[in-house]
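Shown next, in structure tokens, is the structure this report addresses.
Every number in this text was worked out from the coordinates using simple rules, so none of it is lab data. Model, not experiment: these values are computed from the prediction. Heads up, the Cβs are rebuilt from the backbone with ideal geometry, glycines too, and the neighbour counts pull from every protein chain shown.
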Amino acid sequence: MSTQLPASRPFKVSFPHMGNYSIPVRLLAEQLECEIVLPPKMTRRTLEVGARHSPEFVCIPFKYNLGNYIEALEKGANLLIQAGGGCRFGYYGEVQEAILRDLGYDFGMVRLLGGWKLRDHIGDFKRVNPRLTMLRALKAYKLALRQTQALDRIEDYVRRNAGFEVQDGAFEEVHEAFLGELDTARDMRTMAEIESRYLGELEAIPTERPDDLLRIGIVGELYVLMEPFSNLFVEKELAKRGVEVHRFVTVSNMVEHSGRKHTAHLDELIAKSGDYVRYHLGADGTESVSMTYQLMQQGFDGVLHLKPFGCMPEVNAMASLQRLSREHTFPILFISYDAQTSETGLKTRLDAFCDMLRMRKQRPGDAAMADGAETLAPGAERSTA
Amino acid sequence: MHATVGLPRSLLFHKYHVLWETFFGALDVETVTSPQSNRAILARGIELAVDETCVPVKLFLGHVDALRDKADYILVPRIVTLAKDETACVKFLGAYDVARNSVPGIRLLEYNVDVKNGIRQRPELCRVGETFEPNRRKVRRAYDHAASEHLRYTARLDEQQEEVLARPGMKVLVVGHAYNLYDEMLGKPIVDFLGKNGVEVVSSEFHDTAKARTLAKLVSKDIPWTYNKELLGALESYRERVDGIIFLVTFPCGPDSLMTELCMRRVKGTPSIMLVLDELQSEAGLRTRLESFIDLIEAGKRRAAVDGAR
């Protein structure tokens with residue numbers, strides 16, 4: 001338990017952004033019965049202020065989180081929440097708190113450590129809202145989880161289909177309307193109703209799917225996967241290039257495989273990794289390798305591997321992925337994000353990657369295949385040299 | 001038939017070499033250690049590693065490759081947790097798979113330590129020993145002997161450290177992982193340079209792990225990494241007795257970047273600098289920084305002496 005309450009009242013709670021998950025997190029935060037101050041929408045400034053006050057080569061989610069906190073404090077928030085998790089994330093809170101205090105902000109912080117179990121955190125929340133009961137927290141948790149599932153299902157459908165819309169922006173329009181309605185839903189039935197209604201609306205959008213469409217899976221580190229601003233909207237960019245995009249790291253999936261089921265899940269991933277992993281690599285590393293191997297077997301055209309610069313679990317995974325790519329001539333595009341990553345550079349690489357995948361499809365057996373994989377996976381050929 | 005086991009002179013070698021050498025020695029297994037880090041080893045490591053890998057892992061891969069045709073097996077431990085509620089840096093989780101996938105044509109021997117999940121060092125290392133010695137009791141005896149030698153060795157290191165601290169003259173604490181501090185290419189030039197300039201070097205090696213964990217809490221409540229806790233333990237127990245602190249960090253180390261950030265903000269009163277080492281470092285640049293750091297400490301001491309005389 002790690003909670004320090006702010007000196008000033010009333011409490012104004014805030015938390016960092018990650019994709020559209022501020023919707024279910026807001027539902028949870030409402031149980032604290034205080035005003036919620038969402039950080040402003042992410043902009044370049046978020047990253048700039050975050051990076052300015054962060055250690056130089058800490059991974060980029062730290063910088064975004066810190067930027068969110070600073071912008072939320074500027075908006076009047078005085079109680080920040082940082083959730084723990086695997087890897088470095090678990091240690092973010094303490095360092096961020098020290099940085100923000102040195103900057104002179106007056107605030108409190110709830111640092112949730114040691115996994116996702118509600119039982120372990122209820123004490124922290126009760127200090128903010130003494131009226132909170134375990135029963136009520138549990139109910140809210142279940143609702144938030146349902147909301148998260150609706151969000152993930154709809155966004156999964158959008159990812160797979162938005163690339164083929166006849167009219168530009170049709171999917172985005174429905175998606176935005178869905179987010180607005182979901183944000184106000186506060187009971188199970190409404191959430192289910194919104195989900196199925198919008199799924200119907202999405203299915204009704206006219207699309208044109210070409211015969212030779214590209215199917216690409218996205219794997220990697222969870223934050224850059226789930227926060228589109230941080231990955232420079234890579235999924236939308238792929239959709240613009242007529243790609244069916246698949247992603248498996250979502251909060252619903254993480255919750256499903258957390259706690260007691262975690263070890264079994266890892267064992268299964270390792271068993272299905274084609275011997276490219278024998279021991280868990282840390283955080284999402286094992287999943288990145290295993291999913292890539294499985295997608296290759298399912299006939300996907302290629303995989304995008306995303307990570308923050310220097311992310312060690314994913315660097316571990318890259319050793320396996322580069323060998324896999326080399327041995328099976330399977331195209332993998334590796335993208336690292338730091339504060340300097342440019343949108344133009346990303347677009348150029350995506351263009352080249354998609355062109356190469358199309359060439360492979362049109363001329364199977366062509367030597368261009370191997371060459372393409374090699375240039376796009378720098379380092380992949382090295383260990384045979 | 002005499003099998004040989006290769007020990008890469010990198011990462012955990014600098015912590016556990018006495019344990020490993022004694023253990024295999026007691027089983028009549030010859031050990032071959034890779035040479036001190038040099039330019040060729042680093043160059044080969046850079047070639048084998050993913051670009052963004054930290055320098056110590058690049059060196060590690062270079063050392064593994066250097067043993068390729070020199071030993072029948074190469075020992076690579078996989079360390080996850082050494083105690084509940086803490087974890088090793090992620091590179092130690094992946095070291096085995098990374099070496100296996102990056103260096104062609106090698107045969108690895110691995111042992112896995114994950115105390116939180118009930119996998120302990122003794123049975124795991126004994127399993128490795130049984131590759132060479134079918135008599136299980138003999139293997140267990142070899143392990144117990146090696147473990148006590150290891151403890152004796154680390155206790156002696158702690159004693160030596162106290163001797164250094166008792167000496168007069170300028171003392172500087174170098175906070176850095178053993179695999180950086182004792183590496184010929186990374187920490188060694190710095191330690192040597194300090195020594196040549198008349199500075200006593202106190203290393204952050206701290207082997208009383210229980211005490212280290214308690215002391216670490218004074219600086220950082222939440223820090224999860226075992227070996228960083230040891231560094232913080234050393235920092236807390238030595239910092240009042242030294243004249244300056246150097247944080248030695250390799251690029252782009254995640255745990256150290258966060259830990260050092262916190263230390264620089266919380267440890268006040270003793271002059272400190274952070275040195276970041278990468279594979280492209282220039283010695284001249286490092287020397288300039290070290291020289292000015294020493295000057296700064298001396299100036300501070302002179303000022304303190306003048307103030308004291310008043």
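Given the C-alpha centroids of the stretch A:248-300 and the stretch B:150-197, what is the distance between them in whole angstrom?
42 Å
If each of B:ARG266 and B:ASP51 carries a label point 7 Å out from its Cα toward its Cβ, how far apart are those two points in nm?
For B:ARG266 paired with B:ASP51, the spin-label model returns 3.6 nm.
May I ask you to derive the relative contact order of chain A, considering only C-alpha pairs under 8 Å and at least 6 residues apart, and to give it as an integer percent?
15 percent
Per-residue ellipticity at 222 nm for chain A, helices alone: DSSP H runs ≥ 4 residues times -39500 (n - 2.57), over residue total, nearest 500 deg cm²/dmol?
Computed ellipticity for chain A at 222 nm equals -17000 deg cm²/dmol.
Can you tally the net charge around B:GLU52? Count Lys and Arg as +1, Asp and Glu as -1, for every other residue whose Cβ sits under 11 Å from the Cβ of B:GLU52.
Every neighbour counted, the sum reads -1.
Within the protein assembly as shown, what percent of beta bridges assigned by DSSP are antiparallel, to the nearest 5?
5 percent
Between B:THR131 and B:ASP158, what is 0.36 nm times their sequence separation minus the Cα-Cα distance? Round to one decimal in nm.
6.3 nm
Which ordering of B:TYR227, A:TYR337, B:TYR153 is given by a fewest-first count of other beta-carbon atoms within 10 Å?
B:TYR153, B:TYR227, A:TYR337
Whole-Hz Karplus ³J(HN,Hα) for the stretch A:346-351, in order, using 6.51 cos²θ - 1.76 cosθ + 1.60 and θ = phi - 60°, x for Gly and Pro?
4, 4, 4, 5, 5, 4
Arrange A:SER258, B:SER102 by Cβ neighbour counts within 10 Å, fewest through most, would you?
If I rank by nearby Cβ atoms, fewest first, I get A:SER258, B:SER102.
Once both axes come from the Cα atoms, what is the angle between helix A:89-102 and the longest principal axis of chain A, in degrees from 0 to 90, rounded to 10?
50 degrees
Angle check, please: helix A:312-328 long axis (alpha carbons) against the longest principal axis of chain A (alpha carbons), in degrees 0 to 90, nearest 10.
Between the helix axis and the principal axis of chain A, the angle is about 20 degrees.
Could you work out the helix-only [θ] at 222 nm for chain B, with each DSSP H run of four or more residues adding -39,500 (n - 2.57) and the total divided by the number of residues, to the nearest 500 deg cm²/dmol?
That comes out to -17000 deg cm²/dmol.
In whole Å, how far is the Cα centre of the stretch B:222-246 from that of the stretch B:78-108?
25 Å
Estimate the FRET efficiency between A:GLU33 and A:SER252 by the formula 1/(1 + (r/R0)^6), using the beta-carbon distance for r and 41 Å for R0, to the nearest 0.05.
Between A:GLU33 and A:SER252 the formula returns 0.95.
Order these by the 10 Å Cβ neighbour count, fewest first: B:LYS138, A:LYS117, B:LYS84, B:LYS15.
B:LYS84, A:LYS117, B:LYS138, B:LYS15
If one takes the longest principal axis of the Cα atoms in chain A, at what angle in degrees, from 0 to 90 and to the nearest 10, does the Cα axis of helix A:188-204 lie?
Once rounded, the angle reads 30 degrees.
Tell me, in nm to one decimal, what length is gained between A:ASP355 and A:SER342 on full extension, where the rule is 0.36 nm per residue of separation less the Cα-Cα distance?
2.7 nm
Report the semi-axes of the equivalent ellipsoid for the protein assembly as shown in whole Å, largest first, where each axis is √(5λ) for an eigenvalue λ of the Cα gyration tensor.
Listed largest to smallest, the semi-axes of the protein assembly as shown are 43, 34, 24 Å.
With the crude spin-label approximation of a point 7 Å out along Cα→Cβ, what separation in nm comes out for B:VAL115 versus B:ARG140?
2.1 nm
So which of A:LYS75/A:LYS139; B:LYS58/B:LYS188; A:LYS261/B:LYS116; A:LYS307/B:LYS229 end up more than 23 Å apart by C-alpha?
A:LYS75/A:LYS139; A:LYS307/B:LYS229
Please compute, for peptide A:96-104, the average count of beta-carbon atoms on other protein chains lying within 10 Å of each residue's beta-carbon.
For this peptide, the per-residue mean of nearby foreign Cβ atoms is 2.
Report, as an integer, the average count of C-beta atoms from other chains found within 10 Å of each Cβ along A:321-330.
Across A:321-330, the average partner-chain Cβ count within 10 Å equals 1.
Just to compare against my own numbers: the Cα pair-distance distribution for chain A, 20 Å bins, whole % per bin, please.
The percentages, shortest bin first, are 26, 58, 16, 0.
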